[in-house]
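No value in this document is a laboratory result; all are computed from the given coordinates. Bear in mind that the values here come from a model prediction, so they are computed numbers and not experimental data. Quick reminder, even Gly has a Cβ in these numbers, built from the backbone with ideal geometry, and neighbours come from all protein chains shown.
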Amino acid sequence: MYIYNVTINVDESIKDEWLKWIHNHIPEVLATGKFSSAKLTQVLVDEEMGGVTYSVQYRAKTRKNLDDYYKFDADKLRNDSNQFLGKFVAFRTELKIIKEFL
């Protein structure tokens, strides 16, 4: 199992609009069929640069699912955020789950 984590720092001036947008965007990403679930969280840290930081964690069952997302879907879905250009910073991290403890 893999986690595709996107961490986004959003300018305060667009926070509410961005949150509405991301609530629609996440189901679009899941509709690609490459991920089994997603989790939206707020990162509880005071940023020196200001803004509010969020993390979206998408779960992929296989490495192939993640690679196929990059190949077929990522560019189009990333471009959907162009309306917020200059008002957010995002970085992406891939994680491989070794073991889950429940």
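With Kirkwood radius over Cα pairs in Å defined as stated, name the option among [x] 14.4; [y] 13.8; [z] 17.3 computed from the structure displayed. The value computed from this structure is option [x].
Full extension of the chain between Val89 and Leu77 yields a length gain of 2.7 nm, computed as 0.36 nm times the residue separation minus the alpha carbon distance. The angle separating the long axis of helix 63-72 from the principal Cα axis of greatest extent in the chain is about 50 degrees.
With respect to the chain, whose longest principal axis is taken over its alpha-carbon atoms, helix 15-30 is tilted by about 10°.
Could you give the dipole magnitude of the chain about its Cα centre, charging the beta-carbon of Lys and Arg +1 and that of Asp and Glu -1, in debye to the nearest 20? Mind showing how you got there, number by number?
Numbers: 15 positive and 15 negative charges, 135 e Å.
Charge dipole of the chain: 640 debye, to the nearest 20.
For the peptides 60-68, 87-95, residues were scored by their other Cβ atoms within 10 Å and the scores averaged per peptide; the highest-first order is 60-68, 87-95.
For the peptides 29-36, 44-51, 3-10, the ranking by packing is 3-10, 29-36, 44-51, with the highest mean count of neighbouring Cβ atoms within 10 Å listed first.
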